[in-house]
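Peer 1: One structure is given below, represented as structure tokens, and several questions about it will come after.
Just so you know, all these numbers are worked out from the coordinates, no wet-lab data involved. Keep in mind that this is a model prediction, so the values were computed, not measured. Don't worry about glycine lacking a Cβ; one is built from the backbone with ideal geometry, like all the others, and counts go over all protein chains shown.
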Amino acid sequence: MAGSQAGAVRTLDWVVIGAALLAYISSFLPWYSASITVLGIDRSTGVDAWNAGFGAWFAVLLLLAAAVVVLVSAFGGRLTLPVSTPLITLCLSALAVLTIVLRWVTFPDASGGMDTRKMDRLGELGDFDLGSAFAVSSGAGVGLYLGLIAAIAASVASLLTLRSAGSNVGRTP
């Protein structure tokens with residue numbers, strides 16, 4: 001009778017579950033990438049959420065935990081919690097948004113803090129100018145963007161579920 005239980009999951013709960021699934025998939029995509037070009041030779045690398053630091057993989061785990069809370073409560077599992085399920089999923093997903101943003105702003109700068117004017121001078125060797133033969137770039141990858149979108153979607157869905165619960169905020173359903 002699993003088909004009859006699927007109707008117990010509300011649309012906004014499916015958003016939280018889908019966001020967790022998207023975050024899990026995005027965790028295997030590059031969250032941070034860096035590339036370097038030296039004399040026309042390009043090299044680049046990227047790291048997924050599991051290798052991008054605590055803020056990346058912890059956010060994915062938070063969103064997965066929010067989905068587990070939704071699934072357990074929707075399919076009749078006994079959750080003895082002091083607050084409602086939407087409040088728990090809102091806290092988990094909002095914390096995921098915060099950790100992703102903090103991870104994003106703390107990614108290292110590929111230029112090592114060097115001024116771009118100094119980087120341009122690295123291409124000059126006496127009278128021989130290498131021009132733009134030396135370039136370094138780094139930044140957030142597609143996985144981070146997808147993970148952030150998933151965390152925001154889960155947060156919004158949890159907030160809307162919480163608002164629709166109205167006076168039942170402090171009680172478990």
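Peer 1: Within a 10 angstrom radius of the beta carbon, how do VAL136, VAL72 rank from fewest other beta carbons to most? Let's see the in-between values first.
Peer 2: Details: VAL136 16, VAL72 13.
The order, fewest Cβ neighbours first, is VAL72, VAL136.
Peer 1: Take the Cα gyration tensor of the stretch 35-104, multiply each eigenvalue by 5, square-root it, and list the three semi-axes largest first, rounded to whole angstrom.
Peer 2: Details: eigenvalues 293, 27, 10 Å².
With the √(5λ) rule applied to the stretch 35-104, the semi-axes are 38, 12, 7 Å.
Peer 1: List, in order, the whole-Hz ³J(HN,Hα) value for each residue of the stretch 63-71 obtained from phi through the Karplus relation with A = 6.51, B = -1.76, C = 1.60 and θ = phi - 60°; use x for Gly and Pro.
Peer 2: Running phi through 6.51 cos²θ - 1.76 cosθ + 1.60 with θ = phi - 60° gives 5, 5, 5, 4, 5, 5, 4, 4, 5 Hz.
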